[in-house]
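Novice: First, the structure itself, so that you have it in front of you.
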Amino acid sequence: MKVAAIVPAYNEELTIGAVIAALQSSPLVDEIVVVSDGSWDRTAEIAREAGVTVVELEQNLGKGGAMCAGTCHTDADVFLFVDADLVGLKRNHVESLLHPILDKRAEMTVGVFEKGRLVTDLAQKITPFLSGQRAMTRQLFEQIPDLKDRGYGVEMALSLYVNKHHSKVEIVNLPNLSQVMKEEKRGFWRGFRQRLRMFWEILRAVKL
């Protein structure tokens, strides 16, 4: 099965290079697609210099829209979605997420941070279904309706669907992995407003 790693990214020039390098280190990943979701920094340039497929969206579509745009630019059988702001991503994390899919033990895997930063570990322990680190079959992804319109609620929509349809899901621990918080990237108030928007879109996904 062909595997494509899809990385939705909005102004992630500080971390995107390391994320791409980790994905390139795994022989299980056949293709990497970075979706620059209306970025105005060097995210797309850095990704292009790394030799991966780059999809540049002129307007910010939100995470769900970026993920769907990425899937439209590959014919892969398996999608690996990872956030562009990860810190400490390694080959073992990538392969831990992929093996249950490639071995046909699961239709989706969900990665949960462990022994990284206290704040990000705790958030994922409480709400693992919101993790942006997951792998899944193309067949499953394409069954889930309206993902492009879900924004930050896309992970909730994925989790609700597989729970409702009793799909085979495996939780994978990702040791020594964390991510940069929105307040750290955007400044406290701007990051806080973005976090509130994220919570609102997650709540919308629950209601839809």
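The values are calculated or read from the model by the stated rules, or taken from the named source; none is laboratory data. All of these numbers come straight from a predicted model, not from anything done at the bench. Methodologically, a virtual Cβ is constructed for each residue, glycine included, from the backbone with ideal geometry; neighbour enumeration extends over all protein chains shown. Note: areas computed on protein heavy atoms with side chains; ligands, DNA, RNA excluded. Shrake-Rupley method; radii C 1.70, N 1.55, O 1.52, S 1.80 Å.
Novice: So which residues in segment 48-62 are modelled with pLDDT under 95 and either open to solvent by 40 Å² or more (accessible area, probe 1.4 Å) or of a type in the set (Val, Ile, Thr) (or both), if there are any at all? So that I can check it myself, show each step before the final result.
Specialist: Within segment 48-62, the subset modelled with pLDDT under 95 is 58-62.
Passing the criteria: GLU58, GLN59, ASN60, LEU61.
Novice: Just to be sure I understand, how many residues within segment 1-47 are of a type in the set (D, E, K, R) and open to solvent by 50 Å² or more (accessible area, probe 1.4 Å)? Explain how you work it out, then say what you get.
Specialist: Initial filter on segment 1-47 (of a type in the set (D, E, K, R)): 2, 12-13, 30-31, 37, 41-42, 45.
When the remaining residues are screened for being open to solvent by 50 Å² or more (accessible area, probe 1.4 Å), the result is 2, 13, 30, 42, 45.
Going through segment 1-47 one residue at a time, the tally reaches 5.
Novice: Turning to a different aspect of this structure: Given the conditions (1) farther than 17 Å from ARG138 by Cβ; (2) modelled with pLDDT of 95 or more, and given that HIS73 satisfies all but one, which numbered condition is not satisfied?
Specialist: Here HIS73 clears every test but (1).
Novice: Restricting to segment 95-106, and then to whatever is outside any helix (DSSP H, G or I) and more than 9 Å from GLU170 (Cβ to Cβ), can you tell me which residue is most open to solvent (accessible area, probe 1.4 Å)? Please lay out each step first, then the result.
Specialist: Residues of segment 95-106 outside any helix (DSSP H, G or I): 103-106.
With more than 9 Å from GLU170 (Cβ to Cβ) added as a condition, the list becomes 103-104.
On the way: ASP103: 88, LYS104: 149 Å².
So, considering only residues that are outside any helix (DSSP H, G or I) and more than 9 Å from GLU170 (Cβ to Cβ), the one most open to solvent (accessible area, probe 1.4 Å) is LYS104.
Novice: Among helices (runs of 4 or more DSSP H) lying entirely in segment 1-94, which contain 3 or more residues that are under 22 Å from GLU114 (Cα atoms) and small (Gly, Ala, Ser)? Spell out the reasoning first.
Specialist: Numbers: elements: 16-24, 43-49, 63-71.
Ranges flagged: 16-24.
Novice: With the structure loaded, tell me whether TYR152 is within 15 Å of the chain's Cα centre (by Cα), surrounded by 15 or more Cβ atoms within 10 Å (Cβ to Cβ), at pLDDT below 90 and assigned to a helix (DSSP H, G or I) or whether it fails that test.
Specialist: Numbers: within 15 Å of the chain's Cα centre (by Cα): yes; surrounded by 15 or more Cβ atoms within 10 Å (Cβ to Cβ): yes; at pLDDT below 90: yes; assigned to a helix (DSSP H, G or I): yes.
The answer is yes for TYR152.
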